Amino acid sequence: MSFNKSLVSVEWLYANKEAENVVILDATINKAIDSNSTRIPNARFFDIKYKFSDTSARFPSTLPSIEQFEKEAKILGINNDSFIVVYDDKGIYSSARAWWVFKTFGFNNVAVLDGGLPEWKQHGFSIEPYKKEHLAKGNFKAVFRPELMTNFIGINQFSKDSKTLILDARSEARFKCLIDEPRQGLRRGSIPNSKNLPYTELFNGNILKSKDQLLKIFDKLVGETTTMVFSCGSGITACILALGATQCGFNNLVVYDGSWTEYGTLIN
């Protein structure tokens, strides 16, 4: 099974979930797996917070090292020929981060489940309890693509480049400094020369808007720019904008890993 798209429907997954190389990942963030936890049948837990982030980093959800990512992917039984479908329990939220991180480590045979677990349930498809399972170790090999992520130094360079559009996925109220940041002690503000595109504008309910609808949104902002950089609070919902832009066929897309949490902390 291979699929040259970044988004698949719940109907597609239901029809193809038994395919030999399909791997379903539950990338719900801040989820604790216990006896009450449920999943799409045979899903494996992609632990963004503790396994697929650098927990020693100063800021949350920081990209892990290539060694850490490869090790944890192998533990999940992921192979080089796997086809990964990733979802979360909000619709499309942290699943987009997991999708982008896989791409950052050189793996493109990965798609986000459109509408996630809520859409799966809405269609009446079954869920099951999590259970302890032995997964055969995978042969996944990571290849780091640094051009897909940027850091504090990089974002300062991008903000001075007239050919780069920085899009902030936070709410308008946060972007315009009308309310406090949810992270205690973090200043209000926005990255110089950035524009606001709240990630919530990309959805019809749980489902990502159509390509034509998304193009209308992005075309109003893109203009003559050739590179788009996406930011948010901590690098999670920025990846939803990256997913929307990918659906539109845009290239030269970058996610600011530390996003406003890093920028607001480090800027003088």
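Worth a mention:
- Scaling the Cα radius of gyration of region 71-198 by the globular reference 2.2 N^0.38 Å produces a ratio of 1.35.
- Each other residue within a Cβ distance under 11 Å of Leu135 adds +1 if Lys or Arg and -1 if Asp or Glu, for a net charge of +3.
- If you sort the three axes of the alpha carbon gyration tensor as a ≥ b ≥ c, you get a/c of 1.5 or more for region 147-266 and a/b no higher than b/c, which makes it oblate.
- Two-decimal log10 I(q)/I(0) for the chain, as the Debye equation yields it once each C-alpha is a single scatterer, q = 0.14 Å⁻¹: -0.97
- Along its principal axes, region 79-122 has C-alpha extents of 32, 17, 11 angstrom, given from the largest down.
- Evaluated at q = 0.09 Å⁻¹, a Debye calculation over the C-alpha positions of region 7-144 (equal weights, vacuum) places log10 I(q)/I(0) at -0.24.
- Lysine pairs with alpha-carbon atoms under 25 Å apart, region 1-90, spacing 8 or more or separate chains: 19
- Calculated FRET efficiency for the pair Cys177/Val22, C-beta based, R₀ 41 Å, to 0.05: 0.40
- In plain terms, the chain from Asn30 to Lys211 could stretch by 62.1 nm, reckoned as 0.36 nm per residue minus the Cα-Cα distance.
- Above 17 Å, the calculated P(r) of region 184-249 contains 43 percent of its Cα-Cα pairs.
- DSSP beta bridges fully contained in the chain are about 15 percent antiparallel.
- Viscosity 1.567 mPa s, 4 °C: Kirkwood-radius Stokes-Einstein D of region 21-102 over Cα pairs, µm²/s: 99
- Linear extension gain, Gln184 paired with Glu201, 0.36 nm per residue minus alpha-carbon span: 3.5 nm
- Restricting the calculation to Cα atoms, region 4-48 yields a radius of gyration followed by a Dmax of 11.9, 36 Å.
- Diffusion constant of region 107-168 at 4 °C, which comes from Stokes-Einstein with the Kirkwood Cα-pair radius and 1.567 mPa s, µm²/s: 76
- Listed residues Ser171, Cys248, Phe158: farthest to the positive end of the dipole of region 147-266 (Cβ charges): Ser171
Just so you know, all these numbers are worked out from the coordinates, no wet-lab data involved. Quick caveat: nothing in here was measured; it's all calculated off a predicted structure. Cβ: placed from backbone, ideal geometry, glycine included. Neighbour counts: every protein chain shown.
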